[in-house]
Structures are given as C-alpha cells and as structure tokens.
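Report on the structure given below.
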Amino acid sequence: MPGLAKIAEAARAQALDIAGLVAQGSAPMPERVRTILLLAPDEPRFWPHFTQSPEYRDGAPDPMDRWSLRIVGALAKELGAQPLFPFATQPPHPFYTWALVSGRVWSSPVQFLVGARSGLWASYRGALGFADALNPLPKVAKPCDSCAQPCATACPVGALTPAGYNTDACHAYLDTKAGQDCMTNGCAVRRACPVSTAFGRDPAQSAFHMRHFHR
C-alpha cells in the first residue's frame, strides 16, 4: 500500500487535497475498508485545473460530478483503493459523519461544515477507501473556538443563522437584484468566515456552485 506522502502527491497532481482521515471504528465504512481519506478541492489551484477538463468544456450536465467520478476513480485504481463519492450512491455514503470524525472538519455556528483550512467552503469531491490502516493526520484546532463568528449574522435576509436554515427564504432572495451578490460571489455567510477568506477560492467557482444550487 502506498504511504500517505505518495497518496497526497497523487491527489495534488489533480488539484485535490487530503482533507481528513477516518479510521476504522470511528464511523460506518464499506466492507473491506479500514481507512478513508477525504478528498477536497485544493484551492486556489482547483478551479483553473477543473476548467481545463473535458467535462467542463463539453456542455453536458453535472460536469464537476462527472469529473470527480473520472479523477477519483483513476486515483483509486492507481493507489489500490476503493473510490467513494458523496453523490451517485444509494444509500448515500455518510460523508457528513466522516467529515466530523476526521478531526479536521466540524459543525459551524450555522451548522454547515467548517474546515480547518477551507472554512465554510468545506466540500468533498470524493474519498479513497483503503484496506489497510494509515497513521492519523496531525491534529488541528477548530477555527470557530477563537473566532468572533461573523457567519452567525452574515446572511442578508436571516435565512441562515444558528437557529437553522430557511432554504425557501434563501432561494427567494437569490431571485432578487440584491441576491446577485451571493449568486456571483458565493453565499455571504460562507464568505464571512475568516478562514474561508484566506482559502483563495475563485469567485467563478462559487458562482458555478450557486447556479447548480439555485436552479
């Protein structure tokens, strides 16, 4: 089995980052899997890498999911792992649970996942399931513990707060002229996170996801 350094190098070649490790016994896993490595976009490299892909250019639906299936599938084959995805699987794999037990992602004040490196831009393109155990990643601190938590009051219409998420109010706001700021630059709540600000995600990538969300 390849070591963590080789796995990370292979992921980086596809503008992906190892965003967490889930050890056997900490969460439900597929059969014959003892370690799961979560793969997230490696910003700011990910968006220009993805936009050069055939999936982005061919105009067919769900380009990023199709890219993820191809790329994570190829990584799994190269590294002797099982490819796992947060979509296209029934029943769905428990990515939210895996994220929380990975020690690098937590539930934020607004309940969305918040990553130690990605802030409220935390997301996954897939994961690699290995039959062998891997050493745990170094521990990191939850960023919210030392933060003023501007995310809690950042939503212009109060649709996303510590009290919950009103998706109807969110979509209604996105249909307004004022809501085009979120449509173009990404969710105001996610952008308010200081860690998100430092992550370097391209606004064009955020706009891409907002179009997918608000359709």
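Observations on the model:
- P162 vs. criteria under 19 Å from A19 (Cα atoms) and open to solvent by 60 Å² or more (accessible area, probe 1.4 Å): no
- Scanning region 149-156 turns up no residue that is in a helix (DSSP H, G or I), open to solvent by 60 Å² or more (accessible area, probe 1.4 Å), out of contact with any strand residue (DSSP E or B) (no Cβ under 7 Å at 6 or more places or on another chain) and within 27 Å of Y56 (Cβ to Cβ).
- Screening the candidates V72, V33 for the property of being at pLDDT 95 or above, crowded, with 18+ Cβ neighbours inside 10 Å, of a type outside the set (F, W, Y) and over 15 Å from the mean Cα position of the chain (by Cα) yields one hit, V33.
- Scanning region 1-17 for residues that are open to solvent by 20 Å² or more (accessible area, probe 1.4 Å), touching a residue at least 60 places away in the same chain (Cβ under 8 Å) and not in a loop (DSSP other than H, G, I, E, B) turns up L4, K6, D17.
- Pair list, Cβ < 6 Å and 6+ apart or interchain, from region 183-195 residues that are over 13 Å from G119 (Cα atoms) and of a type in the set (S, T, N, Q) to residues that are at pLDDT below 95 and surrounded by fewer than 19 Cβ atoms within 10 Å (Cβ to Cβ): none
- Pairs with Cβ under 9 Å, 6+ apart, first in region 159-177 and at negative phi and of a type in the set (S, T, Y), second modelled with pLDDT under 95 and assigned to a helix (DSSP H, G or I): none
- From G103, G129, residue being small (G, A, S), buried (at least 17 other Cβ atoms within 10 Å of the Cβ) and part of a strand (DSSP E or B): G129
- T97 falls short on exactly one of the conditions (1) under 28 Å from G164 (Cβ atoms); (2) at pLDDT below 95; (3) not basic (K, R), and that condition is (2).
The values are calculated or read from the model by the stated rules, or taken from the named source; none is laboratory data. Given the structure is predicted, the values throughout are model-derived calculations rather than measurements. Virtual Cβ from ideal backbone geometry, glycine too; neighbours counted across all protein chains shown. Ligands, DNA and RNA are stripped out before the accessible areas are found, and what is left, the full protein with its side chains, is counted by its heavy atoms. Shrake-Rupley method; radii C 1.70, N 1.55, O 1.52, S 1.80 Å.
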